[in-house]
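Let me begin by presenting the structure, written as structure tokens, before commenting on it.
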Amino acid sequence: MRIVIFGATGNVGRRIAVEALRRGHEVVGVVRDPDAVRPPDPRVRLVRGDATSADSVASVARGADAVVSAISPRPNARGLPAPRLVENTRAIIAGLRTAGVKRVLYVGGASTLEVAPGQQLLDQPGFPEAYKAEAIEGREALQLWRTEAQGLDWTFLSPAIEIGPGERTGNYRTTDERLLFDAQGKSFISYEDYAVAVLDELERPGHVGARFGVAY
């Protein structure tokens with residue numbers, strides 16, 4: 001496959017790029033400032049693009065077999081402003097329709113997963129105030145995928161509550177709406193195994209038109 005990854009130099013995007021290369025796919029990485037960053041692998045071609053502009057999305061995605069949106073909703077370390085997830089979602093949906101690309105996987109967050117039926121993590125007492133704004137945006141983005149992405153083969157993939165550097169084991173559990181915890185009550189997945197889940201879904205689609213989550 002030819003896979004176009006928005007945010008290919010971020011913590012999640014770079015692992016997805018490496019996992020895709022490991023499996024023999026072609027990877028194009030889309031970033032806002034390709035001259036200021038290094039690709040995660042020399043085989044990744046970086047191009048300039050804006051994941052919040054439908055025209056830009058259409059231009060860089062044209063000819064792709066699949067697109068992954070892995071942008072971060074936080075300010076760039078080099079001073080670029082944080083992209084809004086709602087604008088990003090609308091731009092991806094419109095841009096892919098223009099480009100004629102149907103398959104897309106969206107890197108989401110854990111906050112919209114449920115701790116009990118109908119009770120999202122985001123709405124629980126004690127949810128960190130520092131992450132609330134981006135979590136609300138993530139919920140709005142998920143709703144846009146569910147209501148406005150007709151004609152696209154979309155998947156929204158939520159990680160565990162904690163996601164960070166770790167080992168690539170190739171193992172993970174999946175869930176639809178309920179948060180997953182291990183036997184010690186921890187909800188975690190490594191960036192590396194999250195990337196494995198992304199590529200597994202792209203190669204063997206099992207959640208088209210739906211959200212699912214992964215954790216150990």
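The values are calculated or read from the model by the stated rules, or taken from the named source; none is laboratory data. Being a predicted model, the structure only gives us computed values, none of them experimental. Note that each Cβ is placed from the backbone with ideal geometry, even for glycine, and that neighbours are counted across all protein chains shown. Heavy atoms of the whole protein, side chains included, go into the accessibility calculation; ligands, DNA and RNA do not. Shrake-Rupley method; radii C 1.70, N 1.55, O 1.52, S 1.80 Å.
Have a look at Gly206, Thr155, Ala183 and report the one farthest towards the positive end of the charge dipole of the range 131-216, computed about the Cα centre with Cβ charges (Lys/Arg +1, Asp/Glu -1). Toward the positive end, the furthest listed residue is Ala183. Around the Cα centre of the range 126-216, unit charges on the Cβ atoms of Lys, Arg, Asp and Glu (plus for the first two, minus for the last two) sum to a dipole of about 220 debye. One equal scatterer on each Cα of the range 1-49, no solvent, Debye formula: the resulting log10 I(q)/I(0) at q = 0.16, 0.19, 0.22, 0.25 Å⁻¹ is -0.33, -0.47, -0.63, -0.81. Under 17 Å from a label point set 7 Å out along the Cα-to-Cβ vector of Asp35, the amide N atoms of the range 44-63 belong to 46-50.
Cα-Cα pairs above 20 Å in the range 111-182: how many percent? It would help to have the intermediate numbers written out before the result.
Working: 988 of 2556 pairs.
The share of Cα pairs beyond 20 Å in the range 111-182 comes to 39 percent.
Once the Cβ-Cβ distance of Val115 and Glu203 is raised to the sixth power relative to R0 = 25 Å, the FRET efficiency obtained is 0.20. Note the angle between two axes, namely the Cα long axis of helix 85-99 and the longest principal axis of the Cα atoms of the chain, as a number of degrees from 0 to 90, rounded to the nearest 10. Roughly 40 degrees, rounded to the nearest 10.
Roll a 1.4 Å probe over the protein chains and send me the accessible area per residue for the range 60-216 in Å².
46 Å²
Sequence-ordered 3J(HN,Hα) estimates for the range 201-216 from the Karplus curve with 6.51, -1.76 and 1.60 and θ = phi - 60° stand at 5, 5, 7, 9, x, x, 9, 6, x, 8, 9, 9, x, 9, 6, 7 Hz, glycine and proline given as x. With both labels modelled 7 Å from their Cα along Cα-to-Cβ, the Asp153 to Ala183 distance reads 3.8 nm. A simple rule links phi to the HN-Hα coupling: the Karplus curve 6.51 cos²θ - 1.76 cosθ + 1.60 with θ = phi - 60°, which for the range 177-186 gives 10, 8, 4, 9, 10, 8, 5, 8, x, 9 Hz, with x for Gly and Pro. If only the Cβ of Lys and Arg carry +1 and only the Cβ of Asp and Glu carry -1, the dipole of the chain around its Cα centre is close to 540 debye.
The H on the amide N of Val28, modeled in the peptide plane, is under 5 Å from the matching H of Ile3, Val4, Ile5, each at least 5 residues off or on a different chain.
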